[in-house]
Amino acid sequence: MMYPVLDFFKGGGGLLIAVIAVVHVYVAHFAVGGGLFLVLTEMRARKRQSEALLAYAKRSTRFFLLLTMVFGGLSGVAIWFTIGILSPGATGKLIGIFLFAWAAEWVFFSVEITALLIYWYRFDTLKPADHLRVGWIYFISAWLSLFIINGVISFMLTPGAWLETGRFQEAFFNPSFWPSTVFRTFMALWAAGLFGYVTAAFSKEKEVRDGMLGFYTLWVVTLGVAVLASGRLYLASVPAFHLAGRYEFASTIPQRVQGFTWVTLGIMGLAFCMLIVKHRPVRKPLALLVLAVGLIHMGLFEMVREHARKPWIVPGVLYANNMAPEDADGVNAEGLRSRSSWLAGDHLTGRNLFKAQCLSCHSVGGLINDIKPLTARYTPEGLAQALVGQGTLHRYMPPFFGDARERRLLSRWLTHGLHGAKRQGIPKGPLPREDTIDTRQTPVLLAWRQTLGNARLDSALFRSGDPVTHRIQAVLILKGDMPEVVMDGPEIAVSSQGQTWAMAFDDDLGTWIASADTKSLAGECLVTAMEGGDVLNRIALPPESDSSRGCFHCHGGQRDPTGIGEVTARNILAAHDKNSGTAFVDDADKGRLVMCSRCHRGNRPSPSAAIHGWHNIYMADKGETSCRFCHSSGPNHAPAFFSGRHRKKRNCTHCHSNLRNHAAGLLKPFTVPEVRGLKASLGIEEGSVTAREPYAQLPDCLSCHEEFGPASFKSTAAMTDSSEERFSVRKDEMEALACAACHGRAHELVPATRPGVNDQSLAYMGQPGVMGSITCTVCHEEEKEDEAHHAGMLKNRDGMNTK
């Protein structure tokens, strides 16, 4: 059941509860410790027969009554009112589990109130012994209230065996109950000393002022040691995973524990200052400072406890947004609107989904947990994917509850609704050539591009591996009855963007090659064969396709046709710093290029394995949509580099498998702790996965095209066993020609849709297609009847270019 959400505070529900709760808890602890302190002070006054000290105890009782009963009572009601509005489901759950405990607490609270009123109003009329008994009754009742409430509060962090048994005693006497009780008792007594400084510093009697300040100093310092010791005992009872979160926000818990320790020591130091400083006008503001720092001290403790619980209200029972984990499957299938009339019909908006799922912790423009800077860098598509993986690795966040429609509505409101629509450029194809390249029929010059590791991330600030090399390959064939592949003699060169590179024959590849960095050869390339100063032939290669990566959808910045823009790259490094404790942004600021492979090697996952494993968590669709999301400018754009014949009836997953399997194969060889979470998120039995080395083991064409025959529509490629079997280095069965010479490169197998890719087959055969698929006379003097290059080449000729 979903309750309506009252959105009445710009600061967000988290801040509202935090402010009220910290102040109330501070006063409530004083209400317990102060009860003991009043009794001890009265006993001391009567023992010494000091009227001044007794009068001080009476004045302190009035201050105590007004602060704890009036203000404390009102702030306690405010807490119930606030949690009832912001977390009605959790409030009802806790009342149901601890109904008897709450009833007992109200009994003790009633006794506590009655005893304090009698203690104050009958201060001068009761017999001293009876008056002290009333004081003791108050203190014991107040401590028993703490005892009961602590059972509920500690349960919210460590429900323990109750999760299996459901019994009250396991819920109340949970694993952290006794350490928490001891700790809170010392905190209550400590708080009494801090408040006592104020009453003592403002006392007019020098005897009382000096005597009590000395006593308070001893009290605060002694109990400060007890607070630190019992605090460590309490933390030891909390499961380690609550306190040692690895990612982002949760990693601040150890810092807050350290801050709590230093503030405790700081207060102890201020306590000595209160004793040493004799000047009364200085003591007053110093006493107020001690009281204020004590509030910060209490706030730090509550922050540690609250942060340790995230993303839960009660671990395993209710998330911070009042969603129960057992409801996830149903809500994700039917939508959150199926559980709440407040989200039905026209009420199903991104804003209302935010209120239902996020407002308990986040604000919109508020002081803490402001959602606006957290979502500013996203596109709607990127944030929708981030919601898919929410809570999987960053465990301080609950998962998103809802179906795809609700996820889109929420992500659009959090991006366009809060920040306005972002305009991203639409990928454009290369401009057509203004001139015509006169390619002759003989000698036959064939050329193609080969980018080594063209899927690797490359930016101005970081690279995933070694610099990506762009290679132009070519073959020169002398036409005849027995065509000859030219290996030496002529000069073959490639020109691009005003530069020229001489090509050399590579015996292993069986082709002429020229290599340079990606940007140098990204433009249109003209391959020219010359001999004796005469041009034998030339062929043009179209500019490299758009290389946009989809990183900007989640990491901000703008689409960059060359890959990853600088703003996006910087945000990626910042995310890595936040998640892994690195300092790559500092390296980038100092002009140092970050090379991922320097750390991601050996038993650490390769950059490819880490990237696919991590991002698998955030992709709702594990099919081609996920591939498009990152390997192009968005999920609605097929990658521009994938323009070959397979694009018509195939997609990325037919050759590379779906994202889950792809990531599983890359991650399998690695066993370091940070990989375990990634493997677990895949949901695949590791024994069913074959390990794969990135860029070396690639889709094997012959696993679908058995005996070089046509592939069935249902075929899915297997991976090559070694780098020598890759399509990019494979040759025909005669070891004469590289496969790519006739078929084109892997993602642009001819006939292709990208302008310019089919120009070679058009020049030699008059229509697009695999070289020789129309006629053998491209290289041979006459048609051939034998299948010399590979089996099936003649049999597959009919209809080859239309499939």
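The values are calculated or read from the model by the stated rules, or taken from the named source; none is laboratory data. The model shown is predicted, which means the values in this text are computed figures rather than measured ones. Every residue, glycine among them, receives a Cβ derived from its backbone with ideal geometry; neighbour counts consider all protein chains shown. What goes into the accessible areas is simple: the full protein's heavy atoms, side chains included, and nothing from ligands, DNA or RNA. Shrake-Rupley method; radii C 1.70, N 1.55, O 1.52, S 1.80 Å.
With respect to Gly613, is the statement that it is under 26 Å from the mean Cα position of the chain (by Cα) and assigned to a helix (DSSP H, G or I) true?
So Gly613 fits the description; yes.
Every residue in region 555-580 that is open to solvent by 60 Å² or more (accessible area, probe 1.4 Å), without any contact (Cβ under 8 Å) to a residue 60 or more places away in the chain and not in a helix (DSSP H, G or I), please.
Passing the criteria: only Thr562.
Restricting to region 321-341, give me the number of residues that are at positive phi and not polar (S, T, N, Q).
Counting residues in region 321-341 that are at positive phi and not polar (S, T, N, Q) gives 1.
Out of all the residues in region 772-787, is one or more under 21 Å from Pro483 (Cβ atoms), among the polar types (S, T, N, Q) and in a loop (DSSP other than H, G, I, E, B)?
Yes, the conditions are met somewhere in region 772-787.
Test Gly224 against the stated conditions and say whether it is on the phi > 0 side of the Ramachandran plot and in the same structural domain as Gln258 (by TED's automatic domain parsing).
no
Select from region 1-60 the residues that are of a type in the set (A, V, I, L, M), farther than 26 Å from Gly211 by Cα and touching a Phe, Trp or Tyr at 6+ places or on another chain (Cβ under 8 Å) and list them in ascending order.
Met2, Val5, Leu15, Leu16
Within region 52-90, can you find the residues that are modelled with pLDDT under 90 and of a type in the set (Ser, Thr, Tyr)?
Thr82, Ser87, listed by residue number.
For Ile140, only one of the following conditions fails: (1) in a helix (DSSP H, G or I); (2) closer than 29 Å to Val263 by Cβ; (3) without any contact (Cβ under 8 Å) to a residue 40 or more places away in the chain. What is its number?
Result: Ile140 passes all but (2).
Kindly provide the set of residues from region 315-356 that are under 21 Å from the mean Cα position of the chain (by Cα), among the polar types (S, T, N, Q) and surrounded by fewer than 20 Cβ atoms within 10 Å (Cβ to Cβ), ordered by number.
Asn332
Between Arg395, Arg377, Arg408, which is of a type in the set (Lys, Arg), open to solvent by 50 Å² or more (accessible area, probe 1.4 Å) and farther than 27 Å from His307 by Cβ?
After ruling out the rest, the residue left standing is Arg408.
Looking at region 176-217 only, could you name the residues that are modelled with pLDDT under 90, open to solvent by 10 Å² or more (accessible area, probe 1.4 Å) and farther than 19 Å from Leu67 by Cα?
Passing the criteria: Lys204, Glu205, Lys206, Glu207, Arg209, Asp210, Gly211, Gly214, Phe215.
Taking Arg692, is it under 30 Å from Cys599 (Cβ atoms), among the charged types (D, E, K, R) and outside any helix (DSSP H, G or I)?
Taking the combined requirement at face value, the residue satisfies it.
Taking interchain pairs and intrachain pairs at least six residues apart, which have beta carbon atoms under 8 angstrom, with the first residue in region 634-653 and within 19 Å of Thr562 (Cα to Cα) and at pLDDT below 85 and the second open to solvent by 30 Å² or more (accessible area, probe 1.4 Å) and small (Gly, Ala, Ser)?
If the second residue must be open to solvent by 30 Å² or more (accessible area, probe 1.4 Å) and small (Gly, Ala, Ser), the pairs left are Ala640/Gly429; Ala640/Ser547; Phe641/Ser547.
Got at least one residue in region 665-681 being at pLDDT 90 or above and open to solvent by 50 Å² or more (accessible area, probe 1.4 Å)?
yes
Return only the number of the condition from (1) among the β-branched types (Val, Ile, Thr); (2) crowded, with 20+ Cβ neighbours inside 10 Å; (3) within 25 Å of Gln697 (Cα to Cα) that Val594 does not satisfy.
(3)
Is there any pair linking a residue in region 589-600 that is in contact (Cβ under 8 Å) with a residue 40 or more places away in the chain to one that is in a strand (DSSP E or B), with Cβ under 6 Å and at least six apart or on different chains, and which?
From region 589-600, the pairs are Val594/Phe462; Met595/Arg463.
So for region 70-91 (the condition being open to solvent by 10 Å² or more (accessible area, probe 1.4 Å) and more than 30 Å from Gly12 (Cβ to Cβ)), does at least one residue qualify?
Within region 70-91, none of the residues are open to solvent by 10 Å² or more (accessible area, probe 1.4 Å) and more than 30 Å from Gly12 (Cβ to Cβ).
What residue, of Asp732, Asp721, Asp700, is open to solvent by less than 60 Å² (accessible area, probe 1.4 Å), over 25 Å from Ala640 (Cβ atoms) and of a type in the set (Asp, Glu)?
Asp732
What tally of residues in region 769-793 results from selecting those that are buried (at least 20 other Cβ atoms within 10 Å of the Cβ), touching a helix residue (DSSP H, G or I) at 6+ places or on another chain (Cβ under 7 Å) and of a type outside the set (A, V, I, L, M)?
3
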